[in-house]
Each structure stands twice: as C-alpha cells, then as structure tokens.
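Chemist: Here's a structure for you.
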Amino acid sequence: MFKHQKEKKDFVQQKFSSVSAKYDLLNSLLSLGIDRSWRNSTAKALDGCDSGPILDLCAGTLPLSRVLHNRLKSRVIGLDFCYDMLAYGQKRLTSEERKAITPICGDGEALPFKNSVFAGATVAFGVRNLGNIEKGISELHRVLKPGGKLAILEFSRPQNPIFAPFYRFYLHKILPATGGAVSGDKAAYIYLAESIEAFMAPEALCDLLRVHGFQGVGYRPMTMGIVTLYTAVRP
Ligand SMILES: C[S@@+](CC[C@H](N)C(=O)[O-])C[C@H]1O[C@@H](n2cnc3c(N)ncnc32)[C@H](O)[C@@H]1O
C-alpha cells in the first residue's frame with residue numbers, strides 16, 4: 001500500500017487530521033456503539049495498574065484515555081502524533097479528567113519518556129497505523145515498568161465462513177460510503193478497510209510481542225472476530 005514508512009506516516013497523520021472533528025461520531029455510527037464495550041474490555045485488562053501512570057498510545061481523541069482514568073483513577077498520558085485529534089479530544093474532557101489526563105503530541109515509534117515509567121499501556125486501533133510496528137512495540141516494552149501490563153485492541157478479520165462475506169461487503173462498500181459522506185474524506189475510510197485487510201493475523205502479532213520481550217502473551221477475539229484484544233506483560 002505504501003512504498004516507504006515515512007509515506008505511510010505522513011498519509012496517516014494527514015488523514016486523521018482531516019477526519020478529527022467527525023472521528024468519534026463515525027466510530028459510534030460505524031460500530032453501532034459497540035466500540036464502547038471494546039474500549040471497556042481494554043481498560044479492564046489493565047486492572048491492578050492503579051498506581052499508574054498509564055500510557056494510552058495512539059490516543060487520538062482520547063476516548064480510551066477517559067475510560068482508563070474513570071476505571072483506574074490513575075494518571076493517564078494520551079500520546080498521539082496528530083495534534084488535531086488530541087486537540088479535539090481535549091476540548092471534551094471534563095474538568096476532573098483534565099487534571100488527570102495529559103495529552104502529548106509525539107511519535108509512538110520514538111517515545112519521549114525515560115525507561116520503565118508506566119504501570120500499564122494501551123493501544124486502541126493504533127498499531128495497524130504505525131509506520132514501523134516493531135519500533136512501536138519495542139518502545140512500549142522500554143517504557144513499561146517490570147510487571148507492567150500491555151493491552152492492544154485492534155481490528156481483525158472474522159473467520160466465520162457465513163459472517164465473513166457480509167463483513168467484507170460492509171468493510172469495502174458501506175464503511176467507505178458512510179465514512180466518506182459524513183467526514184468528507186472517503187480516502188480515509190478506504191484506507192481503513194485496506195489496512196484491516198492487510199494487517200497481520202493475531203498469532204503473528206503475538207509472536208512479535210514475544211520477540212520484543214513480552215511474556216504472558218494472549219489474545220481474545222471479540223464480536224465475531226471484528227476486533228481482537230491482545231494482552232501481555234513486561235517481565
Ligand atoms: C484509529 S485512531 C485511534 C484513536 C483512539 N485510540 C481510539 O480508540 O479511537 C489511530 C491513531 O493513531 C495515531 N497514530 C498513528 N501512527 C502514530 C505514531 N507513529 N505515533 C503516534 N500516533 C500515531 C493517529 O494519529 C490516530 O489518532
């Protein structure tokens with residue numbers, strides 16, 4: 001899809017900037033509101049990390065940062081390289097959330113943090129968008145404390161032979177048409193469908209996590225395998 005990592009990063013940054021104002025609305029619309037329960041399950045995977053701080057990588061408009069803070073009551077750093085996504089999300093934080101959630105504009109492949117500082121880390125719908133996923137995973141491992149938990153939520157491809165063709169029709173026809181009409185940027189939603197099709201299988205992502213030093217790696221498909229929740233621990 002992209003010749004160079006830089007080309008993908010520039011495209012991704014520009015597309016999220018372009019759809020930032022409609023991102024949350026489209027998420028709810030296109031997932032029929034199920035995205036909330038996916039993020040709740042992701043935050044639940046970090047239970048026990050209450051001492052904080054928690055890193056929410058590829059935080060976008062901060063939906064998961066909010067769920068994390070409201071569940072764990074810890075300090076949350078929401079990092080994203082798209083300023084417009086963070087700015088749009090920050091506007092909607094309550095005054096209490098503003099005190100606990102810090103948005104930082106930065107690159108997930110070169111995190112601006114010292115080693116071993118976070119009790120937990122999450123990435124929701126972000127690893128698929130990284131220019132270099134290995135760099136991102138290695139950075140997550142570096143900034144987690146020993147014993148720190150990682151939870152990754154990402155789209156996957158349903159395997160049920162009856163459901164899969166309907167989902168692919170939705171992905172390639174309904175999603176770009178609706179996303180394009182509401183956001184005004186159809187290319188962003190064509191990219192979404194293509195990047196889901198091209199993304200690695202769950203077992204391959206688990207192998208990558210192990211190669212980069214994570215232990216206790218596991219995954220759980222949710223909603224017929226439309227998304228998968230990965231969990232791991234930095235030993
Ligand atoms: C699909 S959004 C996910 C937002 C949010 N986590 C959620 O649950 O809806 C993916 C986000 O990843 C960000 N992103 C992609 N590559 C990144 C990178 N290298 N560093 C930081 N953020 C990145 C994009 O800017 C975008 O906001």
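The values are calculated or read from the model by the stated rules, or taken from the named source; none is laboratory data. The shown structure was predicted, so the numbers you read here are calculated from the model rather than taken from an experiment. For neighbour counting, all protein chains shown are included, and Cβ atoms are generated from backbone atoms with ideal geometry for every residue, glycine included.
Chemist: Give me the residue from segment 55-80 that is more than 11 Å from the ligand (Cβ to nearest atom) and among the β-branched types (Val, Ile, Thr) and, out of that set, farthest from Leu140 (Cα to Cα).
Modeler: Among residues in segment 55-80 that are more than 11 Å from the ligand (Cβ to nearest atom) and among the β-branched types (Val, Ile, Thr), the one farthest from Leu140 (Cα to Cα) is Val76.
Chemist: Scan segment 84-99 and tell me whether some residue there is more than 23 Å from Lys8 (Cα to Cα), in contact (Cβ under 8 Å) with a residue 12 or more places away in the chain, loosely packed, with under 15 Cβ neighbours inside 10 Å and more than 9 Å from the ligand (Cβ to nearest atom).
Modeler: Yes; the residues of segment 84-99 include at least one that is more than 23 Å from Lys8 (Cα to Cα), in contact (Cβ under 8 Å) with a residue 12 or more places away in the chain, loosely packed, with under 15 Cβ neighbours inside 10 Å and more than 9 Å from the ligand (Cβ to nearest atom).
Chemist: To continue, here is another question. So how many residues does segment 24-44 have that are within 25 Å of Ala110 (Cα to Cα) and either over 14 Å from the mean Cα position of the chain (by Cα) or near the ligand (Cβ under 10 Å from one of its atoms) (or both)? If you could, list the steps in order and put the result at the bottom.
Modeler: Narrowing segment 24-44 to residues within 25 Å of Ala110 (Cα to Cα): 39, 42-43.
Within this subset, residues satisfying the condition of being either over 14 Å from the mean Cα position of the chain (by Cα) or near the ligand (Cβ under 10 Å from one of its atoms) (or both) are 39, 42.
Within segment 24-44, residues that are within 25 Å of Ala110 (Cα to Cα) and either over 14 Å from the mean Cα position of the chain (by Cα) or near the ligand (Cβ under 10 Å from one of its atoms) (or both) number 2.
Chemist: On to the next question. Within segment 103-131, restricting attention to residues that are of a type in the set (S, T, N, Q) and farther than 14 Å from Gln5 by Cα, which residue is farthest from the ligand (Cβ to nearest atom)? Let's see the steps before the verdict.
Modeler: Let us first name the residues in segment 103-131 that are of a type in the set (S, T, N, Q), namely 115-116, 122, 129.
So of that shortlist, the ones also farther than 14 Å from Gln5 by Cα come out as 115-116, 122.
Numbers: Asn115: 19, Ser116: 20, Thr122: 8 Å.
So, considering only residues that are of a type in the set (S, T, N, Q) and farther than 14 Å from Gln5 by Cα, the one farthest from the ligand (Cβ to nearest atom) is Ser116.
Chemist: Also: Has segment 116-130 got any residue that is farther than 23 Å from Asp84 by Cα, surrounded by fewer than 19 Cβ atoms within 10 Å (Cβ to Cβ) and at pLDDT 95 or above?
Modeler: For segment 116-130, residues farther than 23 Å from Asp84 by Cα, surrounded by fewer than 19 Cβ atoms within 10 Å (Cβ to Cβ) and at pLDDT 95 or above: present.
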